[in-house]
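The structure under discussion appears below in the form of structure tokens.
The values are calculated or read from the model by the stated rules, or taken from the named source; none is laboratory data. This structure is a prediction, so every number in the text was calculated from the model and none was measured. Neighbour counts run over all protein chains shown; Cβ positions are idealised from the backbone, glycine included.
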Amino acid sequence: MANIIPFRAVRPRSDLAARIAALPYDVYSREEARKAVEDDAYTFLRIDRPETQFPEAYDMYAPEVYEKARDMLEQMIRDGLFTEEKKRAYYVYELVMDGRSQVGIGACASVDDYDKQVIKKHENTRADKEADRIRHVDVCSAQTGPIFLAYRRREAIEREVQAAMEQEPVYDFTSRDQITHRLWVIDDEECVERIRQEFLQVDSIYIADGHHRCASAVRVSKKRRTKYPSYTGEEEFNYFLSVLFPDDQLMIMDYNRVVKSLNGYGETEFLSKVREVFQVEETGTEPYKPRKKGEIGMYLKDRWYCLTVDSAAYTGDPVEDLDVAVLQRKLLEPVLGIVDPKVDDRIDFVGGIRGLRELERRVHTDAMAAFAMYPTDIHELFAVADAEKLMPPKSTWFEPKLRSGILIHRIES
């Protein structure tokens, strides 16, 4: 049973939504974030990355940095740039990228469901990254960026979503990266109750993206429970901001690899090593995009190759059978000596949104070889999470990205 509840969102005025909405805080480096907020008094990135409002060398984790985020948010609300929903509602959020529509439901998910593993994860989090968002949420008393959740499609929920989309959206804009964003509000009490009851029939929900934001929201909730020991469980701090997508709506892109060293091998010798573990076919000078699971594209010395995984490499284990795991187990570790890709500076990861030409560029500049992966399937992610296992680093790249600042969940008691 998944306790997915409606809530009273704080959200931008319709005429300002396009200017306020911002990409997630963690897609920017510190320098990129500073540049992105220059001469822009509306972008929500100013609040999500409040260190941009201080001198360049300022400690980005100082208490006054988080207080600045709170003050800017509250000022924007006082100035009428945001409004608060009068009734508890669900929010239909559509993103359109390259003509492909993806539609989810904005709502709040239960901290207790996370603890009970009704809401399942597939990767670990880092304490330092959690600490930043814990302080941001706690000081602002608000969750400003939604966690990206997935669930197995339910027709009754889809009917409610489609009915809502027949009305005029409250937002309809195209962001600078050419993603169209539309939002509808479902606040009819009967519709709201039908959606909530349907989610109560869902036995598993999966974190697709946003593990650190989710873990941080849970930590803040537990901190508030300690502060208010007579809590009932109904307080807003018992829930975290989410957008939930049915499994058939999601697009996972490839997450590719480049290696900066061949571990002492020459290119010809390395290619011979590759042939020992994969079936290798040279495909020419045009980028080779894998067509199915079990195929890996490789770029080496101005040539592309198709590497095919032998079926014997698959073990039936949901983690070990991921193509990224097979590449790691069969080639990166035994041949290139890359034992822990999380910390080894000889390997780098390139999101599929950058395209295969980016892999060629890297090989021509700072890398020796590149590997183009077939995207991990959403049901592979489900299988890993159901088995209570963790994916290798950089296994999935979700596009398009949810925007921060479109829906804000206040958690003050």
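How many residues are surrounded by 19 or more Cβ atoms within 10 Å (Cβ to Cβ), hydrophobic (A, V, I, L, M, F, W, C) and not in a loop (DSSP other than H, G, I, E, B) if we restrict to segment 293-324?
Residues in segment 293-324 being surrounded by 19 or more Cβ atoms within 10 Å (Cβ to Cβ), hydrophobic (A, V, I, L, M, F, W, C) and not in a loop (DSSP other than H, G, I, E, B): 7 in total.
Exactly one condition in (1) outside any loop (DSSP other than H, G, I, E, B); (2) touching a strand residue (DSSP E or B) at 6+ places or on another chain (Cβ under 9 Å); (3) modelled with pLDDT of 95 or more is false for residue 406; which is it?
(1)
Report, by residue number, each residue of segment 344-369 that is surrounded by fewer than 16 Cβ atoms within 10 Å (Cβ to Cβ) and not in a helix (DSSP H, G or I).
345, 349, 366
List every residue pair whose Cβ atoms lie under 9 Å apart, where the two residues are 6 or more positions apart in sequence or sit on different chains, the first residue falls within segment 401-413 and is outside the structural domain of residue 351 (by TED's automatic domain parsing) and closer than 30 Å to residue 97 by Cβ, and the second residue, located anywhere, is modelled with pLDDT under 95 and of a type in the set (Phe, Trp, Tyr).
404/25
Which strands (runs of 3 or more DSSP E) does segment 143-199 wholly contain that include 1 or more residues that are within 23 Å of the chain's Cα centre (by Cα), buried (at least 17 other Cβ atoms within 10 Å of the Cβ) and among the hydroxyl-bearing types (Ser, Thr, Tyr)? Before you say what the answer is, go through the steps one by one.
Working: elements: 147-151, 171-174, 180-186.
Correct list: 147-151, 171-174.
State yes or no: is residue 390 hydrophobic (A, V, I, L, M, F, W, C), outside the structural domain of residue 319 (by TED's automatic domain parsing) and modelled with pLDDT of 95 or more? If you could, list the steps in order and put the result at the bottom.
On the way: hydrophobic (A, V, I, L, M, F, W, C): yes; outside the structural domain of residue 319 (by TED's automatic domain parsing): yes; modelled with pLDDT of 95 or more: no.
No, not satisfied.
How about segment 54-67: which of its residues are surrounded by 15 or more Cβ atoms within 10 Å (Cβ to Cβ) and within 14 Å of residue 25 (Cβ to Cβ)? Lay out the reasoning, then the answer.
To start, the set of residues in segment 54-67 that are surrounded by 15 or more Cβ atoms within 10 Å (Cβ to Cβ) comprises 54, 60, 65-66.
If the condition is that a residue be surrounded by 15 or more Cβ atoms within 10 Å (Cβ to Cβ) and within 14 Å of residue 25 (Cβ to Cβ), then 60, 65, 66 are the ones that fit.
If we scan segment 259-267, do we find a residue that is over 20 Å from residue 365 (Cα atoms) and of a type outside the set (S, T, N, Q)?
No - not one qualifying residue is present in segment 259-267.
Quick check on my filter: what residues within segment 246-288 are part of a strand (DSSP E or B) and either under 22 Å from the mean Cα position of the chain (by Cα) or of a type in the set (Val, Ile, Thr) (or both)?
Here is the first cut: in segment 246-288, the residues part of a strand (DSSP E or B) are 246, 252-253, 255-259, 279-284.
Those that are part of a strand (DSSP E or B) and either under 22 Å from the mean Cα position of the chain (by Cα) or of a type in the set (Val, Ile, Thr) (or both): 246, 252, 253, 255, 256, 257, 258, 259, 280, 283.
In segment 112-149, what residues are touching a Gly at 6+ places or on another chain (Cβ under 9 Å) and of a type in the set (A, V, I, L, M)? Give the steps one after another, and end with the answer.
Looking only at segment 112-149, we keep the residues that are touching a Gly at 6+ places or on another chain (Cβ under 9 Å), and these are 112, 133, 144-149.
147, 149 - these are the residues of segment 112-149 that are touching a Gly at 6+ places or on another chain (Cβ under 9 Å) and of a type in the set (A, V, I, L, M).
List the helices (runs of 4 or more DSSP H) inside segment 38-129, counting only whole elements, that have at least 1 residues being aliphatic (A, V, I, L, M), assigned by TED's automatic domain parsing to the domain that holds residue 181 and under 19 Å from the mean Cα position of the chain (by Cα).
So the answer is 45-48, 111-115.
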